[in-house]
1. Evaluate the following for GLU100: is it open to solvent by 80 Å² or more (accessible area, probe 1.4 Å) and modelled with pLDDT of 95 or more?
2. Since SER13 meets every condition but one in (1) more than 25 Å from GLU93 (Cβ to Cβ); (2) open to solvent by less than 60 Å² (accessible area, probe 1.4 Å), which condition does it not meet?
3. For the subset of the stretch 21-67 comprising residues that are of a type in the set (Lys, Arg) and without any contact (Cβ under 8 Å) to a residue 60 or more places away in the chain, which member is surrounded by the most Cβ atoms within 10 Å (Cβ to Cβ)?
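The values are calculated or read from the model by the stated rules, or taken from the named source; none is laboratory data. Remember, predicted model here, so these are calculated numbers, not experimental data. Glycine gets a Cβ as well: all are built from the backbone with ideal geometry, and neighbour counts include every protein chain shown. For the accessible areas, the whole protein counts, side chains as well, though only heavy atoms, and no ligand, DNA or RNA atoms are used. Shrake-Rupley method; radii C 1.70, N 1.55, O 1.52, S 1.80 Å.
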Amino acid sequence: MTHHMNLNPQPFSMIAQGKKTIELRLLDEKRKAVSVGDTLIFTNTENTEEQLVCLVKNLYIFDSFEKLYQVLPLDKCGYLPEEISSASYKDMEEYYSPMEQKRYGVVGIELVLQ
């Protein structure tokens with residue numbers, strides 16, 4: 001199955017360069033439909049002509065980003081080496097509120113660029 005998602009320019013670029021291999025999302029209805037082996041097509045939010053095609057290698061499901069950040073390697077989640085020491089699960093609250101996380105849960109989608 002193929003799924004479409006939008007990505008801001010920085011994470012889009014990091015996936016394109018192979019630096020980010022885990023995309024973090026809310027485990028809402030759209031993401032619950034994603035399975036290992038599916039294809040994700042990411043569209044750059046600032047240039048909709050740019051797309052990345054990725055294969056879903058694995059799904060890591062957690063109750064919250066707080067728990068996810070304790071387990072998954074943050075360098076694979078889009079943090080630069082110099083940012084890891086100050087990285088916080090609260091960074092994800094810019095995108096998903098604690099109430100949304102509690103309602104749906106969260107997922108780390110491990111990707112392989114195609």
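1. No, not satisfied.
2. Unmet for SER13, out of (1) more than 25 Å from GLU93 (Cβ to Cβ); (2) open to solvent by less than 60 Å² (accessible area, probe 1.4 Å): (1).
3. Ranking the qualifying residues of the stretch 21-67, first place goes to LYS67.
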